[in-house]
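Here the structure is laid out as structure tokens; the discussion comes afterwards.
The values are calculated or read from the model by the stated rules, or taken from the named source; none is laboratory data. Keep in mind that this is a model prediction, so the values were computed, not measured. Note that each Cβ is placed from the backbone with ideal geometry, even for glycine, and that neighbours are counted across all protein chains shown.
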Amino acid sequence: MSSTLLRLGLWILVIVLALYVLQQSFEESPIAELIPMGMLQKTIFVSIALIIAGIIFRVFETGAKRVVKNRCAVCRTPIPHGAIYCRAHLRSVLHSEDEKTHATKVRR
Ligand SMILES: [Zn+2]
């Protein structure tokens with residue numbers, strides 16, 4: 001999310017600056033009239049707003065990652081990073097998986 005905003009903002013800024021340089025270098029020619037300055041200025045503000053929003057989102061995302069711990073998929077208790085279930089639920093899930101495999105083995 002944050003990287004998308006940052007990338008979008010930077011790309012718009014680059015394009016607007018390129019258009020601005022074009023407008024400045026072809027000031028006397030009809031090409032300059034194709035690039036409205038008011039729109040360019042507005043777009044610069046939008047791109048800067050996007051970049052600032054992206055930076056704020058990034059700060060929030062990194063902050064959230066530190067605060068919010070990994071949680072069990074069943075009971076939402078905090079669990080170590082990389083785990084899916086808490087100890088109790090991991091055991092029950094493994095137990096039910098074990099029963100499933102046992103059932104198929106018996107049928108064979
Ligand atoms: Zn659990």
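Scanning region 28-52 for residues that are more than 11 Å from Gly9 (Cβ to Cβ) and aliphatic (A, V, I, L, M) yields a total of 7.
Going residue by residue through region 29-46, is there one that turns out to be part of a helix (DSSP H, G or I), in contact with a Leu (Cβ under 6 Å, 6 or more places away or on another chain) and not aliphatic (A, V, I, L, M)? Scanning region 29-46 turns up no residue that is part of a helix (DSSP H, G or I), in contact with a Leu (Cβ under 6 Å, 6 or more places away or on another chain) and not aliphatic (A, V, I, L, M). Test Val93 against the criterion of being in a helix (DSSP H, G or I), within 16 Å of the ligand (Cβ to nearest atom), modelled with pLDDT of 85 or more and among the β-branched types (Val, Ile, Thr), and give yes or no. Spelling it out, Val93 is indeed in a helix (DSSP H, G or I), within 16 Å of the ligand (Cβ to nearest atom), modelled with pLDDT of 85 or more and among the β-branched types (Val, Ile, Thr).
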